[in-house]
Every structure is written in structure tokens, then in C-alpha cells.
Amino acid sequence: MEKCDALIIGGSAGSLDVLLKVLPGLDYTLSFPIIIVVHRKHGADSLLPELLSGKTGLIVKEIDEKEPILAGTIYVAPSDYHTLIEKDKSFSLDYSEKINYSRPAIDATFQTAAEVYQDKLVCLLLSGSNSDGVNGLISAKAWGGITAIQDPATAQVSYMPQQASIHAKIDYTLRIEDMAEFINLLS
Amino acid sequence: MSQELCVITDEQIEVLLADLLENYGYDFTGYSKASIKRRILRLYSLDKQVSFAEFRYKINNDNFYFKRFVEQITVNVTEMFRDPGFFKTLRDVVLPNLGTYPFIRIWLAGCSTGEEAYSISIILKELNLLHKSLIYATDLNPVVLEKAAQSMFAMSQMKQYSENYILSGGTKDFSSYYTANYSLAKFSDELKSKIIFSTHNLVSDHSFNEFQLILCRNVLIYFDRDLQHKVLGLFDESLEGLGYLALGSKETLDFSPLSKNYKRIPAEKIWRKIS
């Protein structure tokens, strides 16, 4: 497998449980950043990074605007902003229109990252009830990146990974119990 | 929106931004690249443009399309009483403090379609301060200011705005501030009477007054660090001693050398100028 410079995980309904199961299995010495974009209600801020932080020894933090993206850190997209990736590998936040009724939109992060990281990008789309992320996976593929989805059969809500498997070329379909190893091997 | 491979290159974006500066005096070169590129690609696909050359020609030669371009590449999403906790602090701490002044001058920079200006006006009225206040609501984009001056917002938003208003400490019947007119809610003239809507470009225009409160929320996120420094300097220049500066929930003064002259109100993105 090509060297990975960034892993972005997108998810919606049913994805939090997956993250809570996968994070404890991750090596503490990952050579790339993990960026997590999940839909959630606006207002319940800072709870998610805290929750995830309890499951891993890696640094987990909510993204600040203009923050440089560093290896070995898990970044969580803030609610009610889109998270974009800049050419210089830093984050920009954007409060533009919702996409697929979602802000943050997984598509916005996947698409801007696709161009920056190209064949060094891995995108993983988890359980969810809308099709956000699907266009982003198509972009990631077009720029040479690696695409992965949660096996729809293991997803609490299978619609999102299923839509991805119909519309985008998917390299890996992963069961929850295989995800941590998959991620560790990207290092 | 599908953008599998980008139809406009980074170099072409630079060309467009240089055109805008040269032909119209609008300087977007200090904007965050990822965001502005997304906005331009979005418009390109929304308007079903077929070639970059044609797109560029239209922007440079069709004044009507140029206006559309500026309106569409800047983000004009806003709501009334967004982040109710912030407006509660304005109501409970900041504005009562400023209430001791004989006259209150407020600058709302990047006001877009005016939702926040009317929100502030409502709080000032409830605190019995509106009569001695003036809100300068500015934006670089004249099209959104025209809309703001109409004081009409979509009726469909009122349920959400009313909830925000109550969460921000409002106790009146929110619907008493507007009259319903089919799909639109028209806010009372009294609320508008103390708002001056005017164009001002944070990138190229200078300080135009001294204020006790400057609000600029979710504008700096679109600027690169250099431009952020420059604009924070402009705000500092325009803020009286002991005045307040309010930023968006993900924006901060922390990285700026100015921060040593400011004291933050805990838990809010509001700073008070202490020297």
C-alpha cells in the first residue's frame, strides 16, 4: 500500500459506536493524522473530542481554524462549520450553506483533501442515513486516493456506505473489528 | 455538487483574483484559498459555465454577472441570535456595561443580510438602550445590504429564531417584533431606526469611527493569517478603551500580538480592551 499522509473518517447516524470500538485498537505511533468528520447536533460541542479522548492514547482535539495538521493527532471537525483542507496542510473552517442538509459536510473535507493529499489520502466512510461523503469518495478516487467503507452489513444504518458502494469505486470494505488493524497498517 | 477533478486550476483562481483587484478594486487575495476556490467552483457549476475563458470574460465585462460573482463567492449565511449563549452574554454583561455611557456606538462588520443587526437592536430595545445607540452594520457587498435594509426575513425561519431568542435570555413574545406577510416576516421600523447599513471593505477600507463594541463573527475564518492580523489591527484602531471586541465561536485573538492589551470574558469569544 502507498504511504498514507492523512486518513479522514466520515460518518453519520450509527458511526459514533464504530469510532468508540475502533479507537482503542490504534497504535500510539501513527505516522499520519486522522481527521474525523461526523454529523451531530449543533451545541453539543467539545463533548465528542472528550469522549473519543478517553478511548485512545493519541491526542484528540477539536479543530481550530488555520491549525496546521500534524501526524499522530486525531482531529475532530467542529459542529456547524465545514472543515476544509488547505494546500499547506492546515485547516480552514467555513460557515457556508449546508450540503446534503449537513454542516459539517463530509464531502467538503473529502473533496478539499483529495486535491491536497492526492494518492496519499485514505477516506473511510462509516454508517449513516444520507449520502454525504459519496461525492467526496468519488473525488478522492479521481485524485488517486484510497477509498474504504464500513461493510454495510455491519452498519447500524447502512444507507451511506451502501450509496458509496453503488456510486464510487471502493478499494476496501471493512468490518468494524478489522478497522483498527487496517488503519495501523497504513503507517 | 460534484467536483471529481477540478475544472479550474489554482493558477486560474489567481488570475481571477488579480482581475477583480485590477478591474473592480476588490481584493480577495488574502482570503483562505480552499474556501474561495470552493465558492468559485460552486458558482461555475451552478451557472453551468463551459469554459474558464468564457467565465473570466463574463466576470470582467458583464457588470451584472460581476455582482453575482461577488455575492456568490462571499459567504452570506447568517441567522438571528445564532449561538444564543453569546447573545445572552451581550444582554447580561456587555450591553448593560455600555449602558452607563451617554451614547453607544456599535460596529457590526460583515453584517451580511442583517439578521445579527436586528438581533442586537432587539436586545438594546429590551434593555431600554436603543434610543441612545447606533449600530453601524457594514458589508463589502451592496446586494446583501439592500436586502438587510428591507428588514424582511423568511417566515419559515421564525420558529428557529424564536427558539434562539428565548435561549439567549429573551422573555417577550418574539412574534411581537414582526408582522407576518405571506412567506415573509417584516420587522418593525423602530428596530431599524438605529441601524445604518453601509458598504465597508475590511481588506481595503480604513477605520471610520470609534466604537464601544465591535462585532465581527465568522468573517476572519475566511482570511489568511496575514489578513487576519491586518483586520484585527483595524478593529483595535476603531475600538475605544474598555470597549469590547466579539468574534465568532471558532475565532480567536490569542495568536495576535494585540491580545496582551485585551482581557477575555471567560467562556465567550468576547475581549475587552484594557490598555
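Just so you know, all these numbers are worked out from the coordinates, no wet-lab data involved. Since this is a predicted model, take the numbers as computed values, not measurements. No Cβ is skipped: glycine too gets one built from the backbone with ideal geometry, and neighbour counts run over all protein chains shown.
Quick one, can you get me the convex hull of the C-alpha atoms of segment A:91-142 expressed as volume per residue in Å³? Walk me through the numbers before you get to the answer.
Details: hull volume 4.0 nm³, N = 52.
Dividing the Cα hull volume of segment A:91-142 by its residue count gives 77 Å³.
Can you list residues from other chains, or at least 5 along the same chain, whose modelled amide H is less than 5 Å from the amide H of A:I59?
A:I74
How far apart, in nm, are two points set 7 Å out from the Cα along the Cα-to-Cβ line at B:L134 and at B:R225?
Placing both labels 7 Å beyond Cα along the Cβ direction yields 3.8 nm.
log10 I(q)/I(0), Debye, Cα-only segment A:65-187, no solvent, q = 0.10, 0.13, 0.22 Å⁻¹?
Once normalised to I(0) and log-transformed, intensities are -0.29, -0.50, -1.41.
For the residues B:I122, A:I69, what sequence is obtained by ranking on other C-beta atoms within 10 Å, fewest first? Don't jump to the answer; show the numbers that get you there.
Values: B:I122 24, A:I69 21.
Least to most surrounded, the residues fall as A:I69, B:I122.
Given 0.36 nm per residue, what is the gain on full extension from B:E237 to B:D205 after removing their alpha carbon distance, in nm? If you can, show how the numbers build up before the last one.
Values: separation 32, 0.36 × 32 = 11.52 nm, distance 1.27 nm.
Fully extending the segment from B:E237 to B:D205 adds 10.2 nm.
With θ taken as phi - 60° and the coefficients 6.51, -1.76 and 1.60, list the Karplus ³J(HN,Hα) couplings across segment B:18-33 in order, rounded to whole Hz; mark glycine and proline as x.
5, 4, 4, 5, 6, 8, 10, x, 8, 9, 9, 5, x, 7, 4, 5
Could you work out which residue, out of B:S119, B:S176, B:S193, moves most in a Gaussian network model of chain B, that is, has the largest mean-square fluctuation with Cα springs under 10 Å?
Result for chain B, Cα springs under 10 Å: B:S176 fluctuates most.
Test of the criteria: in segment A:1-110, which trypsin sites (Lys or Arg not before Pro) are in a DSSP loop and have at most 11 other Cβ atoms within 10 angstrom of their Cβ? Provide the component values of the computation, followed by the final result.
Numbers: sites: A:K3, A:K21, A:R40, A:K41, A:K55, A:K61, A:K66, A:K87, A:K89, A:K98; in loops: A:K3, A:R40, A:K41, A:K55, A:K66, A:K87, A:K89, A:K98.
Loop-located and lightly packed - A:K3, A:K41.
Across the protein assembly as shown, what fraction of all alpha-carbon pairs, as a whole percent, falls in each successive 20 Å bin from zero upward?
Spelled out bin by bin, the protein assembly as shown gives 24, 53, 23, 0 percent.
Could you pull out the pairs from B:K132/B:K263; A:K89/B:K250; B:K132/B:K260; A:K98/A:K141 whose alpha carbons sit more than 21 Å apart here?
Details: B:K132/B:K263 26 Å; A:K89/B:K250 19 Å; B:K132/B:K260 31 Å; A:K98/A:K141 23 Å.
Those over the limit are B:K132/B:K263; B:K132/B:K260; A:K98/A:K141.
Could you list A:K169, B:K269 so that the one with the fewest beta carbons within 10 Å of its beta carbon is first and the one with the most is last?
Going from least to most buried by this count: A:K169, B:K269.
Just the ratio, please: alpha-carbon radius of gyration of segment B:10-73 over 2.2 N^0.38 Å, N its number of residues.
Numbers: Rg = 10.6 Å, N = 64, 2.2 N^0.38 = 10.7 Å.
Scaled against compact globular proteins, the figure is 1.00.
Just add up the charged neighbours of A:L26: K/R +1, D/E -1, any other residue whose Cβ is under 14 Å from the Cβ of A:L26. Don't skip to the answer; put the middle values down first.
Numbers: positive: A:K21, A:K55; negative: A:D27, A:E177, A:D178, A:E181.
Net of charged neighbours comes to -2.
Normalise the Debye intensity by I(0) for segment B:84-273, one equal point scatterer per Cα, no solvent, then take log10 at q = 0.17 Å⁻¹ and round to two decimals.
Normalising to I(0) and taking log10 leaves -1.16.
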